[in-house]
Structure formats: structure tokens, C-alpha cells
């Protein structure tokens with residue numbers, strides 16, 4: 001069984017966000033980059049668990065430049081067998097989905113996993129787009145994924161509940177919290193990662209459907225109004241009459 | 001040129017997010033001097049209610065060939081409906097259904113997609129949240145067809161009084177390999193992402209046995225309950241209640257945080273809330289910097305008083 005896990009690079013969750021060039025570019029100065037948590041904690045780890053139980057091969061796939069290689073090596077250290085980096089810019093989700101689709105058309109996978117969204121652009125787009133480009137079914141926001149032969153059982157979040165699904169391979173799935181527990185790479189994994197194959201693939205022809213024009217930061221709060229702990233009625237009064245929130 | 005809105009239903013009634021998407025789509029249509037059409041899929045109690053959100057026409061697909069939500073099938077129905085009315089803008093809610101369907105639409109129609117819009121489009125650009133609520137980006141859609149998913153609570157509702165003409169709609173839908181085995185409805189009636197008020201608690205509560213007062217306060221306020229990540233990680237509360245950067249991002253009118261220090265990752269998931277109240281014993285808790293109202297005090301003393309005060313107000 002061939003499993004592909006698509007990983008994205010994202011700024012560490014503790015990052016302070018700032019912009020440069022007249023608020024048109026994300027300021028990467030001092031930013032620590034990590035594997036997007038949903039891709040790493042849930043998609044990658046679940047893929048490794050499925051491989052350990054059923055056999056097969058786990059490939060991590062990333063779209064981006066050579067600056068992404070450290071996070072790809074980390075995914076290899078966690079346990080992926082090999083990696084592919086498509087050497088293309090990542091300014092638009094549809095462009096990225098087309099890169100991955102072009103690669104997977106000639107290198108088909110039985111199962112393609114994504115994290116449910118990246119924590120930088122919060123798109124939740126590329127997985128669904130890829131499924132449509134490859135005409136594969138898409139299971140979004142799955143919190144459980146079990147495999148029995150070539151049939152998968154999944155749980156996915158829907159409005160006001162959870163849906164239990166059954167589907168045969170191949171398909172595309174986006175992973176949400178609950179699918180697996182994060183793994184920390186051990187020294188053996190880190191050593192092994194150095195020599196695992198990382199294949200660089202040139203970009204495929206495609207155009208961007210969207211373009212980021214500018215960034216803004218949310219307006220700062222004007223200041224907290226404190227209410228005495230013994231005067232809770234006053235808080236309720238403020239919420240009713242000033243904030244009109246209750 | 002026209003606007004198509006996917007108005008999702010849950011148990012045959014339109015969701016709050018569907019109404020907000022309808023309203024957003026209607027405002028887009030109004031600014032473009034065109035009409036807003038809804039695509040309704042499956043059982044729906046009363047399509048005419050969409051008129052007060054600005055919908056003038058509804059295409060209703062209600063056939064036995066579609067019993068459960070299947071993103072591939074729903075996407076195909078929306079694509080056929082969009083063709084029928086020559087839609088140039090397609091609007092969906094940024095909820096579970098919208099997140100599943102919108103990317104498929106974008107790929108099939110080769111159209112630019114902006115997810116999580118927080119404002120009406122200005123020309124070809126749409127503003128959305130990025131960095132999990134820490135910032136906004138204004139994004140240009142370069143294609144002639146535009147697809148937008150709208151964050152809950154993003155745009156002020158405008159009241160319309162349109163009469164909805166409903167038309168049965170039918171099209172071929174693809175057969176897929178996906179089978180829905182069972183749907184488990186969440187026990188709490190109120191969905192966290194749709195709630196106007198959210199009461200949330202963290203490690204300051206000391207143990208899962210102390211959540212009774214949180215639930216009681218939520219009940220009195222008609223609120224949903226939420227929690228911080230450490231609390232979900234140790235199993236005091238279910239994972240689906242975790243709000244924050246790696247949990248749910250929510251945008252209620254009122255967010256009450258009790259015993260949560262306000263780590264940057266937690267703030268990212270809740271700073272879209274209109275009003276934030278923080279109750280914490282630690283006056284130095286970073287959450288107070290993001291709060292509108294604060295009480296420095298012990299949750300075990302403040303919350304019971306707050307429940308009484310709310311009861312008194314409602315009485």
C-alpha cells in the first residue's frame with residue numbers, strides 16, 4: 001500500500017505575526033518554521049500507524065523551495081520512508097493542488113492524507129481540490145481512520161455531530177484532531193532521516209487563481225474594564241447595557 | 001452574472017451559518033445589481049424563510065439519489081445549479097460542509113477560492129482571517145468565477161423582505177464509493193461554532209468534577225461550552241470542545257473565559273469574538289490584555305455569583 005502525506009511548512013504556533021514591504025509580505029525574521037501541526041500530529045502519524053499495521057510505504061510530499069528541506073527531514077525522522085519536494089512556489093491553493101495532482105497522476109497513491117488546514121493561511125483547500133483534480137472521493141475533517149484490507153472506516157465532523165463512513169481505497173482525506181497522537185522523533189530516526197531519499201521534482205505548468213494583495217493586523221483592544229470580584233452584578237449589567245451581549 | 005448560495009440544512013432546517021451565507025450572497029448580488037439564488041439540497045422545512053435574508057429564488061434538489069451529505073455529489077449539484085443561473089459568484093458557509101465542498105467546486109470550475117471571508121468583497125478582493133485569527137489578508141480572485149466561504153458572525157445581517165420563488169431542481173449526480181454508515185448527533189443541542197455566547201474554562205478549574213458550574217452558567221446564558229487545549233489533552237473535556245489555534249476557531253458575540261491564562265495559541269482561536277470576558281485569579285494572566293471585561297478572582301467564588309446574577313437578570 002502506497003500512502004502519501006502532504007505536508008506544509010508553517011510558522012511555529014507561538015510566533016508573533018508581523019508584515020513587511022508595506023504590509024504585502026509576511027515578515028519571516030525570527031520565525032521558527034515547523035511542519036504544519038495538523039499535517040504532522042494527525043496525518044503523518046496516522047499514516048505511519050497504518051503502515052505499521054498493514055505494511056506499505058509512506059511518502060511525504062511537499063511543495064516549495066529548498067528552504068523547506070529541514071521540515072521534510074523532520075517528517076523523515078518521525079518515520080516516513082521517503083520524500084518528494086515539488087520545487088514550486090506556494091502562493092495559491094489551486095496552483096499547489098495542480099502541482100500535487102500532476103505528480104500523483106504518474107505516481108498514484110492508495111491513500112493521500114492532508115492536515116485539515118494550515119495554521120498560517122487557514123485555507124482548508126488543497127486536499128479537496130486535489131481530490132477533484134484526480135476524481136477521487138474526499139473525506140474532510142476526519143477524526144478517525146481505520147483500515148481493513150482495502151476498505152477504510154472513518155469518522156468525520158459534520159454540523160452538530162459525527163458521521164461514520166465506509167469507503168474503499170483510493171481516496172483523499174483531511175485529518176482533524178483525534179486521528180492520532182503526536183510523535184517525537186528519536187535519535188535513531190533523526191540519524192536515519194539523513195540518508196532517506198528526498199526527490200526534488202521540477203514545477204508543473206499552472207497558473208494562480210488568487211493573489212494576496214495585503215495584510216492587516218486586527219485592531220488592538222482598547223483596554224480591559226475591570227469589575228470587582230464582589231460586584232458580579234455590575235459585570236452582568238455591563239454585558240447587558242454597555243456591550244449588549246446578553 | 002448572478003450569485004448562487006449553498007444553504008445547508010441540518011435535520012431539514014437551515015443552519016444559522018446557511019442564513020449568514022444567504023445574507024452575504026444577497027449583499028454581493030445587491031452590490032452587483034443582480035439576483036441571489038439559493039441551492040437547497042435535501043429535505044427543507046420552509047424555503048420561504050430565505051426571503052428575509054435576501055434570496056429571491058431557490059433551486060431545490062430533493063431526490064432519493066442523495067440521502068446523506070457526500071461532498072462529491074453536493075459539489076456536482078452546485079456546479080449544475082451554477083451553470084443553470086450563470087452564476088459568477090458562489091457563496092458557502094465556512095463550516096464543515098462548506099470546507100468539504102468549496103475546494104471541489106474551485107478545482108472543477110478552475111475558479112479562485114477564498115475561504116473564511118470576514119467582509120463583503122471589494123471589487124475582486126476579499127478579506128479573510130489568516131494566521132489563525134492573528135491577522136487578515138486581502139486576496140484578489142483572478143478568475144471570472146469566484147467562490148467564497150463566509151466565517152460565522154462576519155457580516156452584519158441586513159433584513160430583506162423578498163418573496164422566494166422555489167423551483168424543483170434535478171441533475172445527474174456521480175455515483176461515489178462513499179457510504180454513510182451512521183450519523184451520531186452531538187448531545188449538546190447548541191453547536192459551538194454557531195453559538196452566540198460561549199462559556200469556556202481551563203486548568204484553573206482544577207478537575208473535570210468542577211465543570212458543573214460552567215455548564216450551569218452556559219445553560220442560564222443559552223451558551224455553548226468550550227475549553228482550553230490542556231484541559232482537552234488530559235481528558236477533562238472532550239476534544240470537540242477545544243478552542244484555539246489547533247482546535248476550533250470561534251467567533252461568538254460573547255466569549256467568557258474562566259481559569260484560562262490566555263496563551264497566544266488559545267487567543268488565536270477566540271480573538272474573533274466581539275466581546276471577551278476573562279475571570280482569572282492571576283491578575284498578570286495575558287488574557288486580560290485581550291479582554292473587554294475582567295474579574296480578578298477565584299472562579300469557585302465568582303462563577304456561582306455570576307450564575308445568580310444572570311438568573312436575577314432573566315427573572
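From the residues in segment A:203-215 that are in a strand (DSSP E or B) and more than 22 Å from the chain's Cα centre (by Cα), which one is surrounded by the fewest Cβ atoms within 10 Å (Cβ to Cβ)?
Only one residue tops the list, namely A:213.
Does residue A:112 satisfy the criteria of being within 17 Å of the chain's Cα centre (by Cα), assigned to a helix (DSSP H, G or I) and touching a residue at least 12 places away in the same chain (Cβ under 8 Å)?
Taking the combined requirement at face value, the residue does not satisfy it.
Criterion first (at negative phi and part of a helix (DSSP H, G or I)) does residue B:156 satisfy it?
So residue B:156 does not fit the description; no.
Pick from segment B:181-214 the residues that are buried (at least 20 other Cβ atoms within 10 Å of the Cβ) and modelled with pLDDT under 95: which of them is farthest from the other protein chains (Cβ to nearest Cβ)?
B:195
Within segment B:236-255, is there a residue that is outside the structural domain of residue B:136 (by TED's automatic domain parsing), in contact with a strand residue (DSSP E or B) (Cβ under 8 Å, 6 or more places away or on another chain), buried (at least 23 other Cβ atoms within 10 Å of the Cβ) and more than 28 Å from residue B:156 (Cα to Cα)?
no
Among the numbered criteria (1) closer than 26 Å to residue A:205 by Cβ; (2) surrounded by 23 or more Cβ atoms within 10 Å (Cβ to Cβ); (3) more than 14 Å from every other protein chain (Cβ to nearest Cβ), which single criterion is violated by residue A:64?
It fails just one condition, (2).
With the requirement that a residue be assigned to a loop (DSSP other than H, G, I, E, B) and more than 10 Å from chain A (Cβ to nearest Cβ), what does segment B:240-291 give you?
B:250, B:251, B:259, B:260, B:261, B:262, B:282, B:284, B:285, listed by residue number.
So if I check each of B:93, B:81, B:87, B:58, which one is within 14 Å of another protein chain (Cβ to nearest Cβ) and in contact (Cβ under 8 Å) with a residue 24 or more places away in the chain?
B:93
If the requirement is being modelled with pLDDT of 95 or more and touching a helix residue (DSSP H, G or I) at 6+ places or on another chain (Cβ under 7 Å), which of these qualifies: A:55, A:79, A:65?
Residue meeting the stated conditions: A:79.
Considering only segment A:116-202, give the strands (runs of 3 or more DSSP E) lying wholly within it that have at least 2 residues that are surrounded by fewer than 24 Cβ atoms within 10 Å (Cβ to Cβ) and within 14 Å of chain B (Cβ to nearest Cβ).
Of the strands (runs of 3 or more DSSP E) lying wholly inside segment A:116-202, those with at least 2 residues that are surrounded by fewer than 24 Cβ atoms within 10 Å (Cβ to Cβ) and within 14 Å of chain B (Cβ to nearest Cβ) span A:138-148, A:151-158, A:161-168.
So, in segment A:225-246, of the ones that are more than 7 Å from chain B (Cβ to nearest Cβ) and not in a helix (DSSP H, G or I), which residue ends up nearest to residue B:198 (Cα to Cα)?
A:244
Please go through segment B:132-152 and pick out each residue that is part of a loop (DSSP other than H, G, I, E, B) and over 10 Å from residue B:116 (Cα atoms).
B:134, B:142, B:143, B:144, B:145
The conditions are (1) under 14 Å from the mean Cα position of the chain (by Cα); (2) outside any helix (DSSP H, G or I); (3) buried (at least 20 other Cβ atoms within 10 Å of the Cβ), and residue A:42 fails exactly one of them. Which is it?
(2)
Test residue B:159 against the stated conditions and say whether it is at pLDDT 95 or above and more than 10 Å from chain A (Cβ to nearest Cβ).
Judged against the criteria, residue B:159 is not a match.
For the list (1) closer than 24 Å to residue B:193 by Cβ; (2) touching a strand residue (DSSP E or B) at 6+ places or on another chain (Cβ under 8 Å), I need the number of the one condition that residue B:134 fails.
Just one mismatch for residue B:134, condition (2).
The values are calculated or read from the model by the stated rules, or taken from the named source; none is laboratory data. Owing to the predicted nature of the structure, the values given are computational and were not obtained by experimental measurement. We place every Cβ from the backbone using ideal geometry, glycine too, and count neighbours over all the protein chains shown.
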